[in-house]
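Here the structure is laid out as structure tokens; the discussion comes afterwards.
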Amino acid sequence: MSASAVHLLIFTKQFAAMLRSRLPLVSVLENLAEETPQKSLKEVISTVTDDVKHGIDLGDALAEHPDTFSAVFVNVARAGMLSGKLDSSLTQIAGYLENLDQLRRKLRAAFAYPAFMLVAFFAVFNGMIFGILPRFREMYKNFHKALPAPTQLLLDIGDFWAANWYLVIGTTAVLVMTFSIWIKTEDGRRVWDEVKLKLPIIGAAWRMAALARFLRTLAVQVHNDVRLLDALRLSADVVDNYYIRDILLDIANSVENGGSIAGAFRDHEIFHGIVLQMIRSGEDSGTLDELLAASADYFDSLLADLLNVIAGLINPVLTVFIGLAVAGMMVASFLPVFDMGSAVGQ
């Protein structure tokens, strides 16, 4: 969790605990403004405190700082104020922030080791072709003898890289920048987000992560009496997938036009299965928030298992691949040493 996210989480927990002690809202905010160590958050809380003192609603005061307080945070806080359960709402937000952070850390951890291995391999490759192998080329050149084929192949690759590294890096950078610009457009991001969900194995992880984020966001809002249409639309914005976001906005429009929640979700295959069952049951029983939270826990569990499987597959395969590549480079380095005797004899 980033430093700012940690401070926001601590602030939210302290806020909820102090409100449970029946302290006046303004006094709580003043104390939190004094105790918060992070300067930027401290300034935001001080501004919110001043606004509340001057009669501005807490939700409106928080909404003035969207970089600090998300729309979900603001809406849940507003609902808590209206229902008289602000402390409970803030506790829900704190749990929500922790769960989102755990999800982000799981995804980062799954890709950290492969990224490290590729960087390490690139460093070893450059060290071999620029530091070690050129010395053998000079020695064999003096002996008027050809280098062993594997060594020569690796040197040829190194020569190509040395002569064209700027073209390779430049072309890669242009492609990456073009792709980055494209996915920042509305259409590009929507296409990419749909493609991501169809990728083998990793697509399932992206789907589970998006569904878990959506379900938990919706559950927190429904539990705190946020209007369902507002909750659906805010959850769509939080899901971080334009393809799923557009589907959720269509669902919200369908519900607004009088359709049932389960019926609206039933029209979209991505929600078939446990999600649809839970929503249908929650709508019938009036326990939608509980079943949504249970669904989010279910997908979190599935995602954790899938990430473990992905790590279990990628890490050994990548280790073997890089190990073989490094072993090949070592063989190419040692062959000239083994062949040195015959080279000297000639």
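The single condition among (1) open to solvent by 10 Å² or more (accessible area, probe 1.4 Å); (2) part of a helix (DSSP H, G or I); (3) closer than 22 Å to Asp67 by Cα; (4) of a type in the set (Val, Ile, Thr) that Val226 does not satisfy is (2). For the stretch 245-273, the candidate set comprises residues that are in a helix (DSSP H, G or I) and open to solvent by 50 Å² or more (accessible area, probe 1.4 Å); within that set, the residue that is nearest to Leu232 (Cα to Cα) is Leu249.
Within the stretch 145-156, the set of residues being in contact (Cβ under 8 Å) with a residue 24 or more places away in the chain and more than 18 Å from Gly328 (Cβ to Cβ) comprises just one member, Lys145. Checking each residue in the stretch 279-291 for being more than 24 Å from Glu194 (Cβ to Cβ) and not in a loop (DSSP other than H, G, I, E, B) picks out Arg280, Ser281, Gly282, Glu283, Asp284, Ser285, Leu288, Asp289, Glu290, Leu291.
Only one of the numbered conditions (1) touching a residue at least 24 places away in the same chain (Cβ under 8 Å); (2) open to solvent by 60 Å² or more (accessible area, probe 1.4 Å); (3) over 30 Å from Gly131 (Cα atoms) is not met by Val331, and that is (3).
Name the residue that is farthest from the chain's Cα centre (by Cα), counting only residues in the stretch 292-321 that are β-branched (Val, Ile, Thr) and buried (at least 17 other Cβ atoms within 10 Å of the Cβ). Looking at residues that are β-branched (Val, Ile, Thr) and buried (at least 17 other Cβ atoms within 10 Å of the Cβ), I get Ile314. Scan the stretch 236-291 for residues that are among the aromatic types (Phe, Trp, Tyr) and out of contact with any Asp or Glu (no Cβ under 9 Å at 6 or more places or on another chain) and report the count. The qualifying residues number 2. Summed over the stretch 1-28, residues that are among the aliphatic types (A, V, I, L, M), farther than 15 Å from Ala94 by Cα and either in a helix (DSSP H, G or I) or at pLDDT 85 or above (or both) total 4.
Right, Leu23: out of contact with any Lys or Arg (no Cβ under 7 Å at 6 or more places or on another chain), surrounded by fewer than 18 Cβ atoms within 10 Å (Cβ to Cβ) and of a type in the set (A, V, I, L, M, F, W, C) or not? So Leu23 fits the description; yes. Is the stretch 66-75 home to any residue that is open to solvent by less than 40 Å² (accessible area, probe 1.4 Å) and more than 26 Å from the chain's Cα centre (by Cα)? Scanning the stretch 66-75, I find no residue that is open to solvent by less than 40 Å² (accessible area, probe 1.4 Å) and more than 26 Å from the chain's Cα centre (by Cα), so the answer is no.
Checked against the criteria, Arg108 does not count as surrounded by 14 or more Cβ atoms within 10 Å (Cβ to Cβ) and either at negative phi or within 27 Å of the chain's Cα centre (by Cα) (or both). Put simply, of Ala115, Ala79, Ala123 the only residue that is closer than 30 Å to Ile201 by Cβ, part of a helix (DSSP H, G or I) and more than 25 Å from the chain's Cα centre (by Cα) is Ala123.
Going through (1) over 30 Å from Met81 (Cβ atoms); (2) part of a loop (DSSP other than H, G, I, E, B); (3) within 18 Å of the chain's Cα centre (by Cα) one by one, Asp240 falls short only on (1).
Quick check: is even one residue across the stretch 77-94 open to solvent by less than 50 Å² (accessible area, probe 1.4 Å) and over 30 Å from Leu229 (Cβ atoms)? Scanning the stretch 77-94 turns up no residue that is open to solvent by less than 50 Å² (accessible area, probe 1.4 Å) and over 30 Å from Leu229 (Cβ atoms).
The values are calculated or read from the model by the stated rules, or taken from the named source; none is laboratory data. Keep in mind that what you see is a predicted model, and the values were worked out from it rather than measured. Note that we place each Cβ from the backbone using ideal geometry, even for glycine, and neighbour counts take in every protein chain shown. For accessibility, only protein heavy atoms count, side chains too; no ligands or nucleic acids. Shrake-Rupley method; radii C 1.70, N 1.55, O 1.52, S 1.80 Å.
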